[in-house]
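Worksheet for the structure shown next.
The values are calculated or read from the model by the stated rules, or taken from the named source; none is laboratory data. Everything numeric here is computed off the predicted structure, so don't read it as measured data. Quick reminder, even Gly has a Cβ in these numbers, built from the backbone with ideal geometry, and neighbours come from all protein chains shown.
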Amino acid sequence: MSREDDFKARMIDDITGSPVIVAGTPVMTTLIGGIFTKAAVGRDGITRDSAPGAFDASGYLKPCALIKQRGLVPDGGIRDGITQDISASQTVEIYIYEDSGYANIDAALERIRDLFIGHHFTSSFEVAWVNLIDRERDEGALQGASMARIDFQVRSIE
């Protein structure tokens, strides 16, 4: 399973998981257009072809998210020459979109922070929040849709 899949599963489990992961409104209640991974939608990202469920009947973008993992980078913090284990770090970017405005983006950002800060995946140390790019406009395929990006760092032993 990729880190993109790990993050997507936790976001989906926020509504379907038992018991509730953290108090508050589940992220899927806000992101009604869905959660997509870069691996699933391809290099063009969210488009009407790659993610038709992200758009309403009129063609407007519904609030949705795209998860993209960066490369796994050995950091040398832990190195075991016998077992060949080494520590590594990977950044995961979560892009949140809506057609216009930022109300749903702001709500989703708050919930996503709650879901991931300090979380431990099966094969990781605590997830850390490392970056936020807030209240931007998409300059790609979504042609000016409202956007924000939040980044998390995941450290692990490989």
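Among residues of region 97-150 being in a helix (DSSP H, G or I) and of a type in the set (Asp, Glu), the one that is farthest from the chain's Cα centre (by Cα) is ASP106. Is it fair to say GLY140 is at positive phi and surrounded by fewer than 14 Cβ atoms within 10 Å (Cβ to Cβ)? No, not satisfied. Suppose the filter is surrounded by 11 or more Cβ atoms within 10 Å (Cβ to Cβ) and within 15 Å of the chain's Cα centre (by Cα); does ALA54 pass it? Considered against the rule, which asks whether it is surrounded by 11 or more Cβ atoms within 10 Å (Cβ to Cβ) and within 15 Å of the chain's Cα centre (by Cα), ALA54 comes out as no.
Would you confirm, using the coordinates I've provided, whether ILE46 is in contact (Cβ under 8 Å) with a residue 40 or more places away in the chain, within 20 Å of ARG113 (Cα to Cα) and hydrophobic (A, V, I, L, M, F, W, C)? No, not satisfied.
Determine, yes or no, whether ALA65 is in a strand (DSSP E or B) and touching a residue at least 12 places away in the same chain (Cβ under 8 Å).
Numbers: in a strand (DSSP E or B): yes; touching a residue at least 12 places away in the same chain (Cβ under 8 Å): yes.
Here the answer is yes, as ALA65 does meet what is asked.
Only residues that are closer than 30 Å to PRO74 by Cβ and of a type in the set (D, E, K, R) were counted in region 117-158, giving 5. For region 1-21, the candidate set comprises residues that are part of a loop (DSSP other than H, G, I, E, B) and closer than 18 Å to ARG70 by Cβ; within that set, the residue that is modelled with the highest pLDDT is SER2.
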